[in-house]
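Just so you know, all these numbers are worked out from the coordinates, no wet-lab data involved. If you're wondering where the values come from, they're calculated on a predicted model, not measured in any experiment. Cβ atoms come from the backbone with ideal geometry, glycine included; neighbour counts cover every protein chain shown.
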Amino acid sequence: MEERSVIGRALPLAGHTGGRSAMTCIYRCGNACAHEAPNTSDNPYFGDILGRALSRRSFLKLGAAAAVVLYAGARPAEARRGGRRSGLTFEPVPPNSLDDVVVPDGYDYEVVVRWGDPILPGAPEFDFENQTAEAQSKQFGYNCDYVAFFPLRGSGRALLVVNHEYTNTELMFRGFNPATGTSPEDPERIRVELMAHGISVVEVRGRRRGGYEMVRSRRYNRRITAMTPMRLTGPAAGHEWLRTEADPGGRTVLGCLNNCAGGLTPWGTYLSGEENFNQYFVNAGAVEDPAKRASYERYGFGETLPDFGYRGWERVEERFDLAREPNEGFRFGYVVEVDPFDPESVPRKHTALGRVKHEGAETTLSRDGRAVSYMGDDERFEYVYKFVSSRRMARGNSRRAREHNLTLLEEGTLYVARFSGDSPQQEIDGSGELPSDGAFDGTGEWVPLVSGEESFVPGMSAAEVLINTRLAADRVGATKMDRPEDIERNPVNGRVYAALTNNTRRGAAGNPGPDEANPRTNNKHGHVLEISEEGDDPAATRFRWRVFLLCGDPDDPSTYFAGYDKDQVSPISSPDNLAFDRRGNLWIATDSGGALGQNDGFFAVPVEGPERGYLRQFLTVPVGAEACGPRITPDQRTIFCAVQHPGEVDGASPDNPASRWPDGGQPRPSVVSVFKTGRGERRIGS
Ligand code: FEO
Ligand code: CA
Ligand code: CA
């Protein structure tokens, strides 16, 4: 630890200029941003919809009633004075380019678990120069992303469950040739990468000084990889398009891929979103069935090789070659549910929640006790989705209740969001300037795509909708958004917050222009929407919404911080993962790749009272890294941050690392716990 603090805190970021490194684009998203967005559907923007579907009269009727009920927290500043304060008192961390995790004065952090740390019995210590698949299958995976925390009652211990989104072959191995997808260690190198993907379950215990440390638990610790058998559930399970030579029943898949964010369920399980799964496959152009080929195109599969980030996995696992196994690509892109308390349980891919590039699936309960999962499809001009289960959650800890709850995500209604603005389209000029009514806001509806076995999309069966969800959503006029990431209900005020991370193609030639829910052209720094479901019921089919933040440098006139004084707030770019503390303050993790010339980090912002919009930076991550999580423990004494892809800077390699975090050697993606030091109030943020 001493070594880390000396090296880490002293090393400035050398030669790194703003903007996402090409390396991150290649390995994380298969260079999605270098291509035209795959949504070329002519589904209209809501400027058109407003005129077509919503008369001004009907809007005003809904709007006036709902505005009073739902936006009590959004009245003018004077009216809000005297409202409850946020309890956030930490001194913001200034923007910086240090090669360390930087926390506010009075706080400290410790690494809980690093890439390669042994977590299963018999796992060897990490050896960068001699990594093997056998070792990696028992060690913590690469590029940690979503973090969940499940307390083990009465023990001071907990289970930390973490996604491993992707591998960066150039930083994990010496001598990899990205043009040929080969390295001197092949094929073992490929097997290591398969094992470095997936999910880890790690037991942790509280430290006396604060934060948590890992326990090598024989009872709970688990690795799920790109080779772990998983069961498909729901209406599309067993569908012809999901059957392969190795799995003629179409119900068992090996592994999950590119698991980004996720969700916690009220019944105590872990959800994980398969995001940019297209980039692992080759030869989509060789698939004979034109419907299947068109579907692959809509999800961004390359004709032959991926244009970038070619890993050569099909040389070890033939199924990644679509010329040989044309259906394998339809078996990824789902929300995966894991029971973290049962290491023998088979992870389940729930087709009822649709197949898209799933960011996450934060889950809550409707007023009548049904499961509601909010989901973003993270690509430019893609959609926001919601799933509502048919059945209610059973209360209690009986085995019967648990078995029932584990089936909730197998049947329900899948919706896609349509947003309508309330201001004239000519006032939405793309500059970020507020329209004359003073807000980017409006109404919206959840348009059903499928309910159980019933499809609402003409010409598509329920199973087809759930496999080709993007194509189904195109047909019902869903609103094209600026890369939907985490969408999560605030348990304190009941509103739902949606991170739209950025979209530099908004308003570019041949692409959709600004609309009131995505109001900036060339939206480099993203925004956050605040959604109020009708009747404060997550199962509602109508909602109101408003823009809560337009991110960027507060000196940039296109930014907006819920009306708060911009001189007081921290610069922020590319909101990605969200969380809430006990008072309902919103915590935001960013994934900007240095778009403002500063490292990524965590931010906290009150959503109510006189400090609504007062956004402050809480933490920054090392050079080249993205801040993931955030996860706040129920006692609010610890916040976990997954430091993903430290040192992922163009030109970096094991011979020339851009970061030496956390230990002074090769950079290692790691989860850290952050806590307060000294006496007094120990709650994070206070
Ligand atoms: Fe993996 Fe949507 O970020
Ligand atoms: Ca408006
Ligand atoms: Ca993310």
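Given R₀ = 30 Å, FRET efficiency for T40-Q426 by Cβ-Cβ distance, to 0.05?
Details: r = 26 Å, r/R0 = 0.86.
That pair, T40 with Q426, gives E of 0.70.
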For region 573-609 and region 100-114, write down the distance between their C-alpha centroids in whole Å. 17 Å
Distance between modelled label sites at E245 and K566, nm, 7 Å Cα→Cβ extension: 6.0 nm
Stretchable slack from R391 to F128, in nm (0.36 nm times residue separation minus alpha-carbon distance): 89.8 nm
Would you work out if region 459-585 is rounded, prolate or oblate? Take a ≥ b ≥ c from the square roots of the eigenvalues of the alpha-carbon gyration tensor; rounded if a/c is under 1.5, else prolate when a/b is larger than b/c, oblate otherwise. oblate
Just the ratio, please: alpha-carbon radius of gyration of the chain over 2.2 N^0.38 Å, N its number of residues. 0.89
Could you give the length gained on full extension between N177 and R216, defined as 0.36 nm per residue of separation minus the Cα-Cα distance, in nm? 10.5 nm
Excluding near-sequence neighbours (fewer than 8 apart on one chain), the chain holds lysine pairs with C-alpha atoms under 16 Å apart numbering 4
Dipole in debye (nearest 20) - region 108-206, about Cα centre, beta carbon charges: Lys, Arg +1; Asp, Glu -1: 420 debye
Could you work out the relative contact order of the chain, using alpha carbon pairs under 8 angstrom and six or more residues apart, expressed as a whole percent? 17 percent
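Can you work out the FRET efficiency for the pair E303 and S461, with r the C-beta to C-beta distance and R0 = 25 Å, to the nearest 0.05? If you can, show how the numbers build up before the last one.
Numbers: r = 28 Å, r/R0 = 1.11.
According to the calculation, E is roughly 0.35.
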FRET efficiency, D105 to D537 (Cβ-Cβ, R0 41 Å, nearest 0.05): 0.45
All alpha-carbon distances of region 537-686, grouped into 10 Å bins from 0, give the whole-percent distribution 11, 35, 33, 18, 4, 0
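Compute the length gained on full extension between V346 and N522: take 0.36 nm times their separation in residues and subtract their Cα-Cα distance, giving the result in nm to one decimal. If you can, show how the numbers build up before the last one.
Working: separation 176, 0.36 × 176 = 63.36 nm, distance 4.32 nm.
Contour length minus the Cα-Cα distance gives 59.0 nm.
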To the nearest Å, what is the center-to-center distance of region 436-472 and region 648-663, using C-alpha atoms only? 43 Å
Could you check the spin-label model distance between S97 and R153? Points 7 Å from the Cα along Cα→Cβ, value in nm. 5.2 nm
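Please report, to one decimal in angstroms, the Kirkwood hydrodynamic radius of region 521-577 built from all distinct Cα-Cα pairs.
Values: mean 1/r = 0.0791 Å⁻¹.
About 12.6 Å, per the Kirkwood formula over Cα pairs.
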